[in-house]
Amino acid sequence: MEHDAHAEAPPHAVPPPEDATVDDWAREDAEPMPVDSGAAPAEVAAADSAADASPEPAAEGVKEIESSLQSLELKSNVTAQEDAQEVEDEVEQTKRHLNVVFIGHVDAGKSTAGGQILFLSGQVDDRTIQKYEKEAKDKSRESWYMAYIMDTNEEERVKGKTVEVGRAHFETEQTRFTILDAPGHKSYVPNMISGASQADIGVLVISARKGEFETGYEKGGQTREHVLLAKTLGVSKLVVVINKMDDPTVKWSKERYNEIEAKMIPFLKSSGYNVKKDVQFLPISGLLGSNMKTRIDKSICNWWDGPCLFEVLDRIEVPLRDPKGPVRMPIIDKYKDMGTVVMGKMESGTIIEGDSLLVMPNKSHVKVIGISLDDSKVRRAGPAENVRVKLSGIEEEDIMAGFVLSSVANPVGAVTEFNAQLQILELLDNAIFTAGYKAVLHIHSVVEECEIVELIEEIDMKKKKEADPKKKKPKRKPLFVKNGAVVVCRIQVNNLICIEKFSDFPQLGRFTLRTEGKTVAVGKVVEVPSAGSPTF
């Protein structure tokens, strides 16, 4: 009897799946298959085995239909995701991207200001801030908690000094920013150089606290050195924020603000900044967040009518880079992550997933298999973006910081010597700048020992403006030059480095020379050996 009951079941059990399939075809895979239909084939199979009838082909048909539906569904999902991604990319592209480097003397409050910006723009939640407050309190350093957002490793937190260049991202209505928090301590200037060489604009943080501005500004203070380096490394616009205005020794005093501004302007002019066009001063309190996201309340500071920090950053105009130019991306770091990933800033050109490029000076042919900006994957990246590019065709150990990712058709030159115009800033005591002088060369992300092999001519900047070019006498080569001199010389390095003439690619043609922890000269590349040859 039981057997009969089972035998009668199939006529009732089989039709629903067929109906479901007909239904689904009619709907043209508008929605996923219903859950029951997944169970239906199992019922059909059970019924078949019980009845020993032969509607097997029907069950197979159902399975085929289902699998084709699933593949259709998968395809449509993938294309939908890709379309959404493309739209997202386009939205992203409409916002310009700027790199902001925070520079200034040690303890001026750079990391605190950076942390406060992230907090105000909603990148850090209250809970994290409370955690940092507690941590800082435990170290009896209550006022440092904002800096912990930028200073992530333990050494930095214990000493309260930034060592590495911190990175973080935030957005305003018109712009996406990458903050580069440079170390202020003189021991870490090489790290600061690598941060500033990626920046478009600089925020020079100055402490208004009595005695702190003076230490940073006087000889040996980092305020001066950082400004000079920033100018040399191509930071064309500077926002000078006078921080710690809430300090008991300052109390938002207009006199103190004016005093600092009056001392800084002549120095900024002498460093090569056009103060009216390229520099903006404003008072802030990094710890309290005053005058950063919103303009300061008149009850706190009644004399300041200017904009707040976010407004200034949003309005800054920076020269546009060429998205259609040859690809140039100096590599600042590399790591392994299911392939070789390189990090750097696109100085020129655009890269798209699937592009074939060259890693110079190795001349290794590589293929771009992935691009990500601020931890989100994208298909393309244009100039001024900080990107991570996943490459195939090269091992991680074959890449070094200072190598350049460049286009195959127009690769960057690789040389071991070049001619440069140098301005001598401050030589070490008793040092003479002459042929045979050795220093450390910092150019984009390259750090390489170099030697001056020949002084070609000394340029007198005063006479240069007055002199008639037709009456120019052939100059004899100087044997040595002193502080403040401008000289054209030939520089040699031991390993191949990727550089360009300053006139063609300013970002790959400006450099600094340092010796024993001091910046001794800044310069630009004026001539490189002809293409394909590393020497003259």
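FYI, it's all coordinate maths here, none of it is from the lab. What you see is a predicted model, and the numbers here were worked out from it, not measured in a lab. Neighbour counts run over all protein chains shown; Cβ positions are idealised from the backbone, glycine included.
Pop the C-beta distance of VAL447 and LYS324 into the FRET formula with R0 = 30 Å and round what comes out to the nearest 0.05.
0.45
Along each of its three principal axes, how wide is the spread of alpha-carbon positions in the range 267-326, in whole angstrom units, largest first?
Cα extents, longest axis first: 52, 29, 20 Å.
To one decimal place, what orientation-averaged projected area in nm² is obtained for the convex hull of the Cα set of the range 110-150?
2.4
Distance from the Cα centre of the range 507-534 to that of the range 215-261, in angstrom?
First find each Cα centre; the distance between them is then 28 Å.
With a cut-off of 8 Å between alpha carbons and a minimum separation of six or more residues, what is the relative contact order of the range 231-308 in percent?
The value is 35 percent.
When Lys and Arg each count +1 and Asp and Glu each count -1, what net charge do the other residues less than 10 Å away from ARG295, Cβ to Cβ, add up to?
Overall, the nearby charge balance is -1.
Fully extended, how many nm does the chain gain between VAL408 and GLU171 (0.36 nm per residue separation, minus their Cα-Cα distance)?
Using 0.36 nm per residue and subtracting the Cα-Cα distance, I get 81.9 nm.
With a/c under 1.5 counting as rounded, go ahead and sort the range 299-346 into rounded, prolate or oblate using the C-alpha gyration tensor (a ≥ b ≥ c being the square roots of the eigenvalues; past the cut-off, prolate if a/b is larger than b/c, else oblate).
Here the range 299-346 falls in the oblate category.
Strictly over 24 Å apart at the Cα level, which of LYS334/LYS363; LYS237/LYS390; LYS244/LYS298; LYS110/LYS518; LYS276/LYS345; LYS336/LYS501 would you flag in this model?
Too far apart for the 24 Å limit: LYS237/LYS390; LYS276/LYS345; LYS336/LYS501.
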